[in-house]
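> The structure's right below; bear with me while I get my questions together.
The values are calculated or read from the model by the stated rules, or taken from the named source; none is laboratory data. None of these values were measured; they are calculated from a predicted model. Neighbour counts are summed over all protein chains in view; Cβ atoms, including those assigned to glycine, are modelled from backbone coordinates with ideal geometry. Accessible surface is based on the protein model in full, side chains and every heavy atom, while ligands, DNA and RNA are left aside. Shrake-Rupley method; radii C 1.70, N 1.55, O 1.52, S 1.80 Å.
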Amino acid sequence: MQVARLCLGLLLPAAAALEFAYHHQEQMEAFLKTVARNYSSITRLHSIGKSVQGRNLWVLVVGRFPKEHRVGIPEFKYVANMHGDETVGRELLLHLIEHLVTRDGKDLEITNLINSTRMHFMPSMNPDGFEAVRKPDCFYSNGRENSNHYDLNRNFPDAFEPNDVSRQPEAAAVMAWLEAETFVLSANLHGGALVASYPFDNGVPATGTSHSRSLTPDDDVFQHLAHVYASRNPTMKKGDQCKDKMDFPNGITNGYAWYPLRGGMQDYNYIWEQCFEITLELSCCKYPHEEKLPFFWNKNKASLIEYIKQVHLGVKGQVFDQNGNPLPNVIVEVQDRKHICPYKTNKLGEYYLLLLPGSYVLNVTVPGHDPYLTKEFAKPLSCNKAWSVHISSDCLSHICQIKQNVKYNPPSSPGIRDFMPGYCNS
């Protein structure tokens, strides 16, 4: 079956090679539409909404089943160009799309990724800002904000303090998109520094702000995710390549430890949408000369691909009732990892929990019933597979064979949900 797929892949039409240059809205749309047309069996192009000035917010989906979610296949996304004058990520995503679709059936690593993952790519969340830049600058251009002069990375609800800003069309479109999908892992591509930054961006003393940091209950996973990306980027991992910028050991940082940020997108993803997101700062210069784009592609290609693979970390499965019906809205969380908003199964009864290899106790709670505790084991990426949880009136059986066991140290701030009782319901 694999051999047949590899051979058939050679017959797929080739898209015109994408040049290393900045692509404005019309050029970007033309490229995405060409890819969607030439690789229709593994792509889906759609707009999740429009910008203030009416430009489409394009998303290209790549996967073996691009048209719809399939049980057991996790959803991944990259979002770039949230700040219109931070441009490297926009072009990297276009080249990543080309890299994936042209190697399906030829490159085993890429073919396996397409087989096992549904990937969503938004090259520009702020097309108006990108088009507004008239004189590119390394430090600041008037295209940073959207056309209403709002910073989109300050435009999301904030769990830690009020953020009573006017919700912008671009942010509202992303929020609706997140509600419509079951995203598990994500990264937000920025520019102006060289670092992989992980949540929280904001916080309270219960998350560690009195120690100049703000840690999630999944801090070990987030540090791993940031390290996966930075360690494969030879300049980012040095941590000191941008003049007049902070030094970041190993090229990673906690967002709050860098600088507090209210209304950011990565915190919103993690708290409200059950999606682990980090922020990738890809270039010291926000809007570098296009002659440098091949350099950035070569430095980031391996990191971009390896980071996508991390969506398969941990455990995933479905929750069923005693009649075999999938149960939505069942809380499935690791004991001692209580999220501000409890992580729940989707409409198909699925749960996805990103965890490092080790043994964990899952707390499975059906509304109106007492919680069940069940032992679970997170496997290395190569061993990852799904499990089912069957809930009856008298018992829960969900014991899996150990594949790898590591010592688990609980995070330093396990009581975060206690700080905000009833917050999510409000």
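> For residue 215, what accessible surface area do you get with a 1.4 Å probe? Give it in Å², rounded to 10.
20
> Kindly provide the chymotrypsin sites (Phe, Trp or Tyr not before Pro) of the range 210-286 that DSSP labels as loop, not H, G, I, E or B, and whose Cβ sees at most 16 other Cβ atoms within 10 Å.
Loop-located and lightly packed - none at all.
> Could you state the orientation-averaged shadow area of the convex hull built on the Cα atoms of the range 225-292, in nm² to one decimal?
Average projection, Cα convex hull of the range 225-292: 5.7 nm².
> Starting from the Cα-Cα distance between residue 164 and residue 116, subtract it from 0.36 nm times their residue separation and give me the gain in nm to one decimal.
Taking residue 164 through residue 116 to full extension adds about 13.3 nm, to one decimal.
> Continuing with the same structure: Carbon and sulfur: what percent of the range 119-220's accessible surface (1.4 Å probe)? Working shown, then result.
Working: 1760 of 3490 Å².
Carbon and sulfur atoms account for 50 percent of the accessible area of the range 119-220.
> Taking the Cα centre of the range 9-159 as origin and charging only Cβ (+1 Lys, Arg; -1 Asp, Glu), how large is the dipole, in debye to the nearest 20?
500
> What percent does the relative contact order of the range 168-259 come to when contacts are Cα pairs within less than 8 Å and at least six residues apart? If you can, show how the numbers build up before the last one.
Details: 113 pairs, mean separation 31.3, N = 92.
Contact order relative to length: 34 percent.
> So which GluC sites (Glu not before Pro) in the range 32-141 pass both tests, a DSSP loop state and at most 11 other Cβ atoms within 10 Å of the Cβ? If you can, show how the numbers build up before the last one.
Working: sites: 68, 75, 86, 91, 98, 109, 131; in loops: 68, 86.
Here the sparse-neighbourhood loop sites are 68.
> Of the listed peptides 175-183, 231-239, what is their order by residue-averaged count of other C-beta atoms within 10 Å, with the highest listed first?
Going by the mean number of other Cβ atoms within 10 Å, highest first, we get 231-239, 175-183.
> Same structure again: If each of residue 250 and residue 302 carries a label point 7 Å out from its Cα toward its Cβ, how far apart are those two points in nm?
The answer from the label model is 1.7 nm.
> Averaged per residue, what accessible area in Å² does the range 117-166 show with a 1.4 Å probe, protein chains only?
So the range 117-166 comes to 42 Å² accessible per residue, rounded to a whole number.
> Still on this structure, please answer the following. In square angstrom, what is the accessible area per residue of the range 200-286 with a 1.4 angstrom probe?
With the other protein chains kept in place, the range 200-286 gives 37 Å² per residue.
> Compute, for residue 337, the solvent-accessible surface of its heavy atoms (probe 1.4 Å) with the complete set of protein chains present, and express it in square angstrom to the nearest 10.
Estimated to the nearest 10 Å², residue 337 gives 0 Å².
> Quick check: with the 1.4 Å probe, what order do 301, 309, 316 take by accessible area, largest first?
On the way: 301 70, 309 50, 316 30 Å².
Sorted descending by solvent-accessible area, the residues read 301, 309, 316.
> Points 7 angstrom from Cα along the Cβ direction at residue 17 and residue 148: gap in nanometres?
4.4
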